[in-house]
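In what follows, a single structure is set out as structure tokens and then discussed.
The values are calculated or read from the model by the stated rules, or taken from the named source; none is laboratory data. Everything numeric here is computed off the predicted structure, so don't read it as measured data. Positions of Cβ are generated from backbone atoms using ideal geometry, with glycine treated the same way; all protein chains shown enter the neighbour counts. Heads up: the accessible areas ignore ligands, DNA and RNA and are worked out on the full protein's heavy atoms, side chains in. Shrake-Rupley method; radii C 1.70, N 1.55, O 1.52, S 1.80 Å.
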Amino acid sequence: MSQRSASICNTIWAIKAIGVERKFARRRPHDTAFRALTHLFNGHNDSNAFFALKDINFKVAKGEKVAIVGDNGAGKTTLLKVVAGLYRPTAGEIRTTGEMILLRGAEIGMVDELSAAENLFLYSSIYGVDREKVKVNFQEIFEWAELEAFTGARLATLSSGMRARLAFSALRHFDAEIFLLDEAFSTVDMHFQRKYEKFFEEQKSSDKTFLIATHDMDFARTFCTKTLWLNKGRQMAFDATDEVLKDYMASNT
Amino acid sequence: MLKLVFIAMSKKKYLNLLHQLAITQFKLKDQSAFLGFVWSFLNPLIMLVILFAMFRYRTGQSIEHYGIYLLIGLVQYTHFSNSTRRSMTVLYSMKQLTADAIFPKEVLVLSAVMADAIEFVFSMVVCVVIALVSGIALSWALLLLPFVWVLQFFLVSSVSLILSCLYVFARDLGHIYQAFLRLLIFITPIFYDSSFLGKGLGNYILFLNPLTHLINFSRTLIIDRNPLPLRSSMALLLMTAILLFCSFKLFKSYEPTFSEHL
């Protein structure tokens, strides 16, 4: 234990969550100006709020790969969005050091009406990669995705697997330090599954930090050193992947 | 120092994104840039024909070059109304980006404004060309026209930032704003001269409407071929800059809650 804490002292923390809590009001659909005004003057009615996250505490060191597991509705996505700064925690604190990107699904930021090439530029710019860098890697990105023949094609004509490939191929050139992935790439064939695995294998030794919400236990086991288990917004465990997964699997039988 | 470098670098990243998004929205608006421009010019042109036929011998009687006078007013009003209307919904129509991507969301709104600004500048240039063809002489005053565009850009950006932010919380704002725009066409001196409303309340409303001044500035430059009055143009620049700053602050204060409301 003492050895471990000594090593922790020298660690640079990429993500620190201290007592993070996130409440949501159960909102009705259809926001209207009238309702917005009454909210403004009467304050929000907190009585029907529920906790999406409560008392979450964990630290991720720079370069560490962490999986988030849990059943649907456990709060995985909410946690990623809180870390990303898209949701403010209602209590507690999130601290992050380094450029972050959040990938929820491969196609966020892609536009059907544009060509695959145009989409590559747009998509990369959303995740902070400038035009020049995309130009330099343009050929390589399409080759890796095996979509050289489709650069000029409208994105709408590409299958969802092909789009995921393009997105993933672009992702390899994103230079953020913290990657928050939400079940991002699951719609691909076996052949590309290999390519993905190879990419993650290479990332294992990089100093990029990954926080990945996943249902793929094999992936978590091979790629992530630590795992955070959430259940109904509560933190069940945060420890070495094998141990956490053992408990998580046991709880599901 | 290091922090400054970092800020400059991250700004460059967002400039790249702004550029990329503006191009995208420009392309998305119409399948071809040229045809898109023709269509967007068609609307003020139809209005021009109708208003010209109706008011030429009424409110337009004492106005020189009434056709050009109308055209300038219509082009500037149309740009203002179209651009603010489109930008208002951009956070919602691109809600995946608003809710799930990490970047300052004013970039989305400003890119929508910029996509329309390109068209606006083209339209104004066409106005000038038509003015020249119809016999108004070329003058140095035209060189000041970009100043008016900057003011218009500031104004449209401010209104768009406020509206897009509110639209996240109140979806029926679209209808309310549509009604306001209908009203605006009558409280802006498009087909009548500012003096038409007399000295009463109407005059004050016109005076408080920034679009009045912007349109009159363009008319001064294009039709009257006079330079802009220095004091009022500086005052307007200051006012639109302050408005832009305030709307930006408002937008930033609500930005952290966008994701949960979409």
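Using beta carbons and a limit of 7 Å, which pairs, at least six apart or on different chains, have the first residue in the stretch B:40-63 and under 13 Å from B:TYR192 (Cα atoms) and the second one modelled with pLDDT under 85 and open to solvent by 80 Å² or more (accessible area, probe 1.4 Å)?
Short answer, once both residue conditions are applied: B:THR59/B:PHE196.
What about B:ILE187, is it open to solvent by less than 30 Å² (accessible area, probe 1.4 Å), away from chain A (no Cβ under 13 Å) and not in a helix (DSSP H, G or I)?
Here the answer is no, as B:ILE187 does not meet what is asked.
Looking at this structure, is B:LEU228 open to solvent by less than 50 Å² (accessible area, probe 1.4 Å), more than 14 Å from B:LYS105 (Cβ to Cβ) and part of a helix (DSSP H, G or I)?
no
Report yes if B:PHE196 is within 28 Å of B:THR59 (Cβ to Cβ) and surrounded by 13 or more Cβ atoms within 10 Å (Cβ to Cβ), otherwise no.
yes
From the residues in the stretch A:190-218 that are part of a loop (DSSP other than H, G, I, E, B) and open to solvent by 50 Å² or more (accessible area, probe 1.4 Å), which one is nearest to A:ILE178 (Cα to Cα)?
A:ASP207
If I ask for residues that are assigned to a helix (DSSP H, G or I) and farther than 15 Å from A:LYS204 by Cα, which ones from the stretch A:219-253 would you list?
A:ASP242, A:GLU243, A:VAL244, A:LEU245, A:LYS246, A:ASP247, A:TYR248, A:MET249, A:ALA250, A:SER251
Which one is farthest from the other protein chains (Cβ to nearest Cβ) among residues in the stretch B:233-249 that are surrounded by 15 or more Cβ atoms within 10 Å (Cβ to Cβ) and over 16 Å from the mean Cα position of the chain (by Cα)?
So the residue we want is B:SER233.
Within the bounds of the stretch A:131-149, is there any residue that is open to solvent by 40 Å² or more (accessible area, probe 1.4 Å), within 14 Å of chain B (Cβ to nearest Cβ) and part of a loop (DSSP other than H, G, I, E, B)?
no
Being part of a helix (DSSP H, G or I) and either modelled with pLDDT under 90 or touching a Gly at 6+ places or on another chain (Cβ under 9 Å) (or both): is that true of B:SER218 here?
Yes: the conditions hold for B:SER218.
What number of residues within the stretch A:67-126 are at the interface with chain B (Cβ under 8 Å from one of its Cβ atoms), within 24 Å of A:VAL244 (Cβ to Cβ), in a strand (DSSP E or B) and open to solvent by less than 20 Å² (accessible area, probe 1.4 Å)?
Qualifying residue count, the stretch A:67-126: 1.
In the stretch A:185-217, which residues are in contact with a Phe, Trp or Tyr (Cβ under 8 Å, 6 or more places away or on another chain), at pLDDT below 85 and not aromatic (Phe, Trp, Tyr)?
A:VAL188
Count, please, the residues in the stretch A:37-92 that happen to be within 25 Å of B:TYR254 (Cα to Cα), touching a Ser or Thr at 6+ places or on another chain (Cβ under 7 Å) and small (Gly, Ala, Ser).
Counting residues in the stretch A:37-92 that are within 25 Å of B:TYR254 (Cα to Cα), touching a Ser or Thr at 6+ places or on another chain (Cβ under 7 Å) and small (Gly, Ala, Ser) gives 1.
Find the residue count for the stretch A:159-174, including only residues that are over 21 Å from A:PHE200 (Cα atoms) and crowded, with 21+ Cβ neighbours inside 10 Å.
Selection size over the stretch A:159-174: 0.
Which one of B:PHE153, B:PHE207 is at pLDDT below 95, assigned to a helix (DSSP H, G or I) and out of contact with any Cys (no Cβ under 7 Å at 6 or more places or on another chain)?
From the options B:PHE153, B:PHE207, the qualifying one is B:PHE207.
Where in the stretch B:28-137 are there helices (runs of 4 or more DSSP H), lying wholly inside it, with at least 3 residues that are in contact with a Phe, Trp or Tyr (Cβ under 9 Å, 6 or more places away or on another chain), open to solvent by 20 Å² or more (accessible area, probe 1.4 Å) and β-branched (Val, Ile, Thr)?
Answer list for the stretch B:28-137: B:106-133.
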